[in-house]
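J.: Before anything else, here's the structure in question.
The values are calculated or read from the model by the stated rules, or taken from the named source; none is laboratory data. Just so it is clear, the structure is predicted and the values come from calculations on it, not from any experiment. Quick reminder, even Gly has a Cβ in these numbers, built from the backbone with ideal geometry, and neighbours come from all protein chains shown.
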Amino acid sequence: MKDDAELNIDLRAFGDYKTMEQTVMHHDDMNAVNTEENPDNVKPGMPKELGSGEKLVLPAASWATISMLPTLPVHLPTFL
């Protein structure tokens, strides 16, 4: 957890997707907390926008989410 991690995801097999939202929560001090006096000490941030084939660098000891959405219509099966 001391080194940044490089993330490279290949979603070509899943069709055409676009990134809807990226969130990374990180603080240089692993013991940092939010308090009543400082409620935004640790908060989510937005990493730089990713282009095709770019890699996302996740800071050490961070938490991240990436939400993707298909750009083409998707037809899901209907179960009765």
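J.: For the condition surrounded by 12 or more Cβ atoms within 10 Å (Cβ to Cβ), modelled with pLDDT of 75 or more and within 19 Å of the chain's Cα centre (by Cα), what is the one hit in Pro47, Pro59?
T.: Pro59 is the lone residue from the list that is surrounded by 12 or more Cβ atoms within 10 Å (Cβ to Cβ), modelled with pLDDT of 75 or more and within 19 Å of the chain's Cα centre (by Cα).
J.: Pairs needed: first member in segment 24-40, without any contact (Cβ under 8 Å) to a residue 40 or more places away in the chain and closer than 23 Å to Ile66 by Cα; second member anywhere, surrounded by 10 or more Cβ atoms within 10 Å (Cβ to Cβ) and of a type in the set (Phe, Trp, Tyr); C-beta distance under 9 Å; at least 6 residues apart or different chains.
T.: Met25/Trp63; His26/Trp63
J.: I'm trying to understand the selection: among the residues of segment 11-35, which are under 22 Å from Ala60 (Cα atoms) and in a loop (DSSP other than H, G, I, E, B)?
T.: His26, His27, Asp28, Asp29, Met30, Asn31, Ala32, Val33, Asn34
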